[in-house]
Amino acid sequence: MSANLAIAAMKFIAWLLTGAASLLAEAIHSTADSANQILMLLGRKSAQRQADELHPFGYGRDRYISAFLVAVILFSMGGLFALYEAFRKFQEVRAGHPDELLESRFWWVSLVVLVGAIAAESFSLRTALAEAKPARGNLSLAAFIRQSRAPELPVVLLEDMAALLGLVFALVGVSVSLATGSGYGDVIGSGLIGLLLVAVAIVLAVEIKSLLVGESARPEQAAAIARAIVGVPDISGLVYLKTLHIGPESVLVAAKITAAPELDAVRLARAIDEAETAIRAAEPMVGPIFLEPDIWDGAKAGGPV
């Protein structure tokens, strides 16, 4: 967030000195990123509230709400503004108005700021990739963004990649305008930034919407939970297993289990307690557990669903 605020300030100063549309689009983009960081921090704090009568499973999904608002801000404040700025500059260039960038004696400031911002964003992206590495494991970056149940790192990764690519677009656009003496390079740079941010915002919105609707635990987690259940001696089978993320680090488990008909209520209750202990040992992320016992009849047992 601090880096984004500093970069936004530099971009605004460079835009005031040169009038480059690409720089204004990038300045608004960095401002939107800073606002997004604040939203994510607020979401994390809100999600830490204890469960209450109205919200018995806690407030973990507040982090998903914050992440979805990030996508909305990135789309509107970042993407749409950059497209508007490209259209406005295009109208001016087509009408033959003097181009502020080409007439400014501080044209070099735009190049210095953009190169400096690329260096800063490259460092930021490298840091984000290092932070995500333990959670990613062997997953590709695309698979990690698609499968992650915690929204913060995927959001930061996508924002940093968009910021870096957007800066490249801005640098190329400004350089082309300065080299050719035509404002159309700056127009194209701003337009590409807008399209990039809209695309990233849509990807984020789709992924976070899926989390808001409710996603299951990852397949390997569900398999570990199933093995823990059927590993209890007095549990003879598993009819179905359903999991649901009620927060990035909390999974609800609901399952129907089968037991031998000769088990009395005491032994069955102990078997369920053992299963709950085994589940939490196999997957520490598990929160609420609901196990429904059934009588074994030889036809109901199956694998996890």
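The values are calculated or read from the model by the stated rules, or taken from the named source; none is laboratory data. Keep in mind it's a predicted model, so treat the numbers as computed, not measured. All Cβ positions, glycine included, derive from the backbone under ideal geometry; neighbour counts span all protein chains shown.
The table that follows gives values for the structure above.
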{"quantity": "Of the criteria (1) in contact with a Lys or Arg (Cβ under 9 Å, 6 or more places away or on another chain); (2) outside the structural domain of Asn36 (by TED's automatic domain parsing); (3) crowded, with 19+ Cβ neighbours inside 10 Å, which one Ile225 fails", "calculated": "(1)"}
{"quantity": "Search result, residues across the range 229-255 that are under 27 Å from Ala51 (Cα atoms) and either among the hydroxyl-bearing types (Ser, Thr, Tyr) or outside any strand (DSSP E or B) (or both)", "calculated": "Ile229, Thr243, Pro248, Glu249, Ser250"}
{"quantity": "Test result for Gly60, modelled with pLDDT of 90 or more, crowded, with 19+ Cβ neighbours inside 10 Å and in a helix (DSSP H, G or I)", "calculated": "no"}
{"quantity": "Filtered residue count, the range 124-163, keeping only those that are among the hydrophobic types (A, V, I, L, M, F, W, C) and touching a residue at least 24 places away in the same chain (Cβ under 8 Å)", "calculated": "14"}
{"quantity": "Selection count where residues are surrounded by fewer than 24 Cβ atoms within 10 Å (Cβ to Cβ) and not small (Gly, Ala, Ser), scope the range 5-14", "calculated": "4"}
{"quantity": "Restricting the range 169-202 to residues that are among the hydroxyl-bearing types (Ser, Thr, Tyr) and crowded, with 24+ Cβ neighbours inside 10 Å, the residue that is farthest from Arg94 (Cα to Cα)", "calculated": "Ser190"}
{"quantity": "Answer residue from the range 164-183, given it is touching a residue at least 24 places away in the same chain (Cβ under 8 Å) and more than 19 Å from Asn4 (Cα to Cα) and is farthest from the chain's Cα centre (by Cα) among those", "calculated": "Gly181"}
{"quantity": "Selection within the range 223-253 - closer than 15 Å to Met285 by Cβ and without any contact (Cβ under 8 Å) to a residue 40 or more places away in the chain", "calculated": "Thr243, Leu244, Val251, Val253"}
{"quantity": "Residue in the range 190-211 that is on the phi < 0 side of the Ramachandran plot, of a type in the set (Asp, Glu) and outside the structural domain of Glu159 (by TED's automatic domain parsing) present", "calculated": "no"}
{"quantity": "Matching option when the condition is in contact with a Phe, Trp or Tyr (Cβ under 8 Å, 6 or more places away or on another chain) and assigned to a helix (DSSP H, G or I), among Val168, Val187", "calculated": "Val187"}
{"quantity": "Failed item in (1) surrounded by fewer than 19 Cβ atoms within 10 Å (Cβ to Cβ); (2) modelled with pLDDT of 95 or more, with Ala265 passing the rest", "calculated": "(2)"}
{"quantity": "Which listed residue is closer than 25 Å to Phe12 by Cα, at pLDDT 90 or above and acidic (Asp, Glu), from Glu100, Glu85", "calculated": "Glu85"}
